[in-house]
Protein chains: 2
Amino acid sequence: MVKLSDVAALAGVSPAAVSRVLSGDTTLRVSEGTRQRVMAAAQQLDYVPNHAARSLRTSRTSTIALVVPDVTSAVFAELARGAEDEAGARGLAIVLGRAERLHDDRDWLRRLVGEGRIDGVILQLPDGTPPADLESLVVQDTPIVVINSVDDGPLSTIVLDDAAGIRLAMDHLRRLGHTDIGFIGGLLGSATGARREAAFRAAMAEAGLSPEEAWMTRLGYAGTDGRAAAVRLLESATLPTALVVANLNAALGVLAEIHDRDLRVPGDISIVAMHDVWYADATWPPITTVRMPLSELGAAAVVALADSGSGVIHTVLDSPAPQLVVRRSTAAPRAGG
Amino acid sequence: MVKLSDVAALAGVSPAAVSRVLSGDTTLRVSEGTRQRVMAAAQQLDYVPNHAARSLRTSRTSTIALVVPDVTSAVFAELARGAEDEAGARGLAIVLGRAERLHDDRDWLRRLVGEGRIDGVILQLPDGTPPADLESLVVQDTPIVVINSVDDGPLSTIVLDDAAGIRLAMDHLRRLGHTDIGFIGGLLGSATGARREAAFRAAMAEAGLSPEEAWMTRLGYAGTDGRAAAVRLLESATLPTALVVANLNAALGVLAEIHDRDLRVPGDISIVAMHDVWYADATWPPITTVRMPLSELGAAAVVALADSGSGVIHTVLDSPAPQLVVRRSTAAPRAGG
DNA sequence: CTGAAAGCGCTTACAG
DNA sequence: CTGAAAGCGCTTACAG
């Protein structure tokens, strides 16, 4: 490996000068001639600074951890892409972590931080993480941004505009003429679930409708959760003409259960789900969704971390706004409906 | 941050002794008394070694890069989980990379390696990567393991037992009585696609059947690719009674297109797909799949990297064997079929 | 504008 | 069995 002193030797300057040139020293006290010779030498030798040495010296790692509960979730891929792109543009690396580790091995994050491997953490909490667990994450002044989870507390948070998303879904259904609307929500204790449910209730109230509690479930975001929710909901004496599903994954399960009972979507029941992932377009029927700005959330988290030092923030990412993606799972309720 | 010398001071020994104790020096030249005092001191101070310093000194990073073409792919999540678990157990961190970077920014991997940020790379090649590009990845003796892609070449490779997987799917269909079987494959130029297609042809030949070329497509693994393949295939004068789809994602698209044409699965056409992901169970009908050992592949790649030095290897991961997961997308062909 | 020097926190031959 | 010393490759006050 070619090192700083090699470049210095070739350029005929001191290592210090090379360091200053290459790091784009803010107080640029370097002559143009020196700069040029250094740049030429570095290029010629294909010099790449040693990360460990720089990190040891500066106590900065240019690395952040992305800790998520579930890589298979509807939201992860886009989130990761946004984070990765923003990180890449800033020369930051992203190390992957699974949120289960926070439970299985409580020292894991502390160790990662303690070893000085990361400058900060982007953390999506598993649904229903007790607030007490949050406190325990406040580690040695390493910045942590909690995303798509809680929207207050001792750690910085960035959340999606869940209320706007739900409103979009509800507007769509209302415009189609639905009044009997059910809600398939996140886990009881899930922060996003609570926000989405609250937004659903608010939208119903605004429309002068009162939600039918038998049509509301809180079983979670996974496909199997959605299916279980549908099983329960479809037991009701009367059925809603439309469902707002708080997560696309759950919506797949709902769809499967509805098919199983030989009901029709959207003929018997319309479905609109939060989050837009490729498979929303590959189900039968394709599912109308609300596209949330997930890649932007990932990017925003990286930015927040990179620019941190501003203390704890609590942000709702309301731009770009959620977008309704109309597919074939929604239609006007049947005349008899 | 508490450092080595703090532990040494508390234990009343030299930093060197602490280092030896804590690193579990192979040539354990340390008395039991010293060891105990050091351990006690380290525990008391909650000592965690500084990663940068250790890395600078040893030139090892305990970090590997996991570079994949697409985090949304059917295979990624499980792969990542397997890699993450194995890495975690070995105290290795995993940094995430997107394979597009290999194209967009040809120096990216070289830089990552050059900076000394990683000890090795697990790389899933984008489908159809030209062999020449492989050569260019042979970087400064940093071990690279190419997974689920090519199965030979200048870099180490580990692939799934695609042939066994396809054979399982074919056996299932043959046992149900199918003879008119189509194949929806990976991209032309995709190594996995080629292996799966070859296995399909072999299985057909073994059964004394000759594949109908109009029923074979090579459009890729994405949902939209599957749909495009189905569009083309369903134009044929006669239709197959069953399809082997080389990737579950594509199978969703196939299913959607079949629905769109008011054909029935499995009534008109049976479908069996490679890879088993949660949503195979949440489609309508749920899809019969072949479960491939993806998490084991991820783990094996980590192991190969960690134990590398053994030179270039080419491995087919044939254990655990692929497993058929029978759901409702396959049935005997209709009498008239 | 530039260089000499110290030091970030470890590990590891080398002595003893 | 243990310690003193050197050094991994950088950066950054401090002089000049």
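The values are calculated or read from the model by the stated rules, or taken from the named source; none is laboratory data. Computed from a predicted structure; not experimentally measured. All Cβ positions, even for glycine, are placed from backbone atoms using ideal geometry, and neighbour counts span all protein chains on display. Side chains included, ligands, DNA and RNA excluded: accessible areas come from the protein's heavy atoms. Shrake-Rupley method; radii C 1.70, N 1.55, O 1.52, S 1.80 Å.
Shortest first, in nm, what separates the label point of B:THR238 from those of the same position in the other copies (7 Å along Cα→Cβ)?
For B:THR238, the inter-copy label distances come out at 5.5 nm.
For every other residue with a beta carbon closer than 11 angstrom to the beta carbon of A:GLY182, add +1 if it is Lys or Arg and -1 if Asp or Glu, then tell me the sum.
On the way: positive: A:ARG232; negative: A:ASP180, A:GLU212, A:GLU213.
In short, -2.
For the protein assembly as shown, what number results from the quotient of the Cα radius of gyration and 2.2 N^0.38 Å?
Values: Rg = 27.8 Å, N = 674, 2.2 N^0.38 = 26.1 Å.
Here the answer is 1.06, to two decimals.
For a quick check of understanding: with a 1.4 angstrom probe and all protein chains in place, what accessible area in square angstrom does A:VAL75 have, to the nearest ten?
Here the accessible area works out near 10 Å².
Under a crude label model (7 Å from the Cα following the beta-carbon direction), how far is A:MET1 from A:SER59 in nanometres?
2.3 nm
Taking 0.36 nm per residue of separation and subtracting the Cα-Cα distance, what length does fully extending A:SER136 through A:MET39 add?
On the way: separation 97, 0.36 × 97 = 34.92 nm, distance 4.65 nm.
30.3 nm is the gain from fully extending A:SER136 to A:MET39.
Quick one: Cα centre-to-centre distance for segment B:1-24 and segment B:127-184, in angstrom?
What the calculation gives is 49 Å, centre to centre.
In terms of the Cα gyration tensor, with a ≥ b ≥ c the square roots of its eigenvalues, is segment B:70-138 rounded because a/c is under 1.5, prolate because a/b exceeds b/c, or oblate? Intermediate values should be presented prior to the final figure.
Details: a/c = 2.19, a/b = 1.25, b/c = 1.76.
It is oblate, given that a/c is not under 1.5 and a/b is not larger than b/c.
So how exposed is B:ARG101, as accessible area in Å² (1.4 Å probe, rounded to 10)?
40 Å²
How charged is the neighbourhood of B:THR289? Take every other residue with its Cβ under 13 Å from the Cβ of B:THR289, and add Lys/Arg as +1 and Asp/Glu as -1.
Summing Lys/Arg as +1 and Asp/Glu as -1 gives 0.
Got the B:ALA132 label distances to the other copies yet, label 7 Å along Cα→Cβ, in nm, shortest first?
Result for B:ALA132, in nm, nearest copy first: 6.3.
What is the sum of charges, Lys and Arg at +1 and Asp and Glu at -1, for the other residues whose Cβ falls under 15 Å from the Cβ of A:ILE269? Don't skip to the end; give the middle numbers.
Working: positive: A:ARG227, A:ARG232, A:ARG261, A:ARG264, A:ARG327, A:ARG328, A:ARG334; negative: A:ASP180, A:GLU212, A:GLU235, A:GLU257, A:ASP260, A:ASP262, A:ASP268.
Around A:ILE269, the charge tally is 0.
Taking all protein chains together and a probe of 1.4 Å, list A:LEU297, A:LEU209, A:LEU324 from the most accessible to the least accessible. Don't skip to the answer; put the middle values down first.
Working: A:LEU297 0, A:LEU209 40, A:LEU324 60 Å².
Solvent-accessible surface, decreasing: A:LEU324, A:LEU209, A:LEU297.
Across peptide B:39-51, what mean number of C-beta atoms from other chains lies inside 10 Å of a residue's C-beta? Could the numbers behind the result be given before it?
Numbers: counts 0, 0, 0, 0, 0, 0, 0, 3, 1, 9, 4, 7, 12.
Mean inter-chain Cβ contacts per residue within 10 Å come to 3.
Averaged over peptide B:102-112, how many Cβ atoms belonging to another chain are found within 10 Å of each residue's Cβ? Please list the in-between numbers first.
On the way: counts 0, 0, 1, 1, 0, 2, 1, 0, 2, 4, 3.
Counting Cβ atoms of other protein chains within 10 Å of each residue's Cβ and averaging gives 1.
When Rg is the radius of gyration of the Cα atoms in segment A:28-124 and Rh is its Kirkwood radius, what does Rg/Rh come to?
Numbers: Rg = 18.1 Å, Rh = 15.9 Å.
That ratio equals 1.14.
Show B:ASP268, A:ASP318 ordered by accessible area, largest first, where the area counts protein heavy atoms only and the probe is 1.4 Å.
Numbers: B:ASP268 40, A:ASP318 95 Å².
Largest accessible area first, the list is A:ASP318, B:ASP268.
Probe radius 1.4 Å, ligands and nucleic acids left out: can you give me the accessible area buried at the B-A interface, summed over both chains, in Å² to the nearest hundred?
Working: alone 16240 and 16240 Å², together 28130 Å².
Accessible area lost upon association: around 4400 Å².
Please name the residues of segment A:266-290 whose accessible area, counted over protein heavy atoms with a 1.4 angstrom probe, falls by no less than 30 Å² between the chain alone and the full protein assembly.
A:TRP278, A:TYR279, A:ALA282, A:TRP284
Determine the shape class of segment B:162-292: with a ≥ b ≥ c the square roots of the Cα gyration tensor eigenvalues, call it rounded for a/c under 1.5, and otherwise prolate if a/b is greater than b/c, oblate otherwise.
Details: a/c = 1.24, a/b = 1.14, b/c = 1.09.
Cα axes put segment B:162-292 in the rounded bin.
Enter the angle in degrees (range 0 to 90, nearest 10) between the Cα long axis of helix A:76-89 and the first principal axis of the Cα atoms of chain A, meaning the one along which they spread out most.
That works out to roughly 20 degrees.
Between rounded, prolate and oblate, where does chain B land on the alpha carbon gyration tensor, with a ≥ b ≥ c its root eigenvalues, rounded for a/c under 1.5, else prolate if a/b exceeds b/c? Before the final figure, lay out each step's value.
Working: a/c = 3.08, a/b = 2.51, b/c = 1.23.
The shape class here is prolate.
Along the charge dipole of chain A, Cβ charges K/R +1 and D/E -1, which of A:THR283, A:LEU155, A:VAL30 sits furthest on the positive end?
A:VAL30
Could you state the accessible area per residue of the protein assembly as shown in Å², with a 1.4 Å probe and every protein chain left in place? Working shown, then result.
Values: 28130 Å² over 674 residues.
Result: 42 Å² of accessible area for each residue.
Taking all protein chains in place and a 1.4 Å probe, what share, in percent, of the accessible surface of chain A do carbon and sulfur account for?
Working: 7140 of 14070 Å².
The C+S portion of the solvent-accessible surface of chain A is 51 percent.
Placing the label point 7 Å from Cα along the Cα-to-Cβ direction, what are the distances from B:GLN43 to the equivalent spots in the other copies, shortest first, in nm to one decimal?
Relative to the other copies, B:GLN43 has label-point distances of 5.8 nm.
Measure out, as a whole number of angstrom, how far apart the alpha-carbon centroids of segment B:203-263 and segment A:83-114 sit.
41 Å
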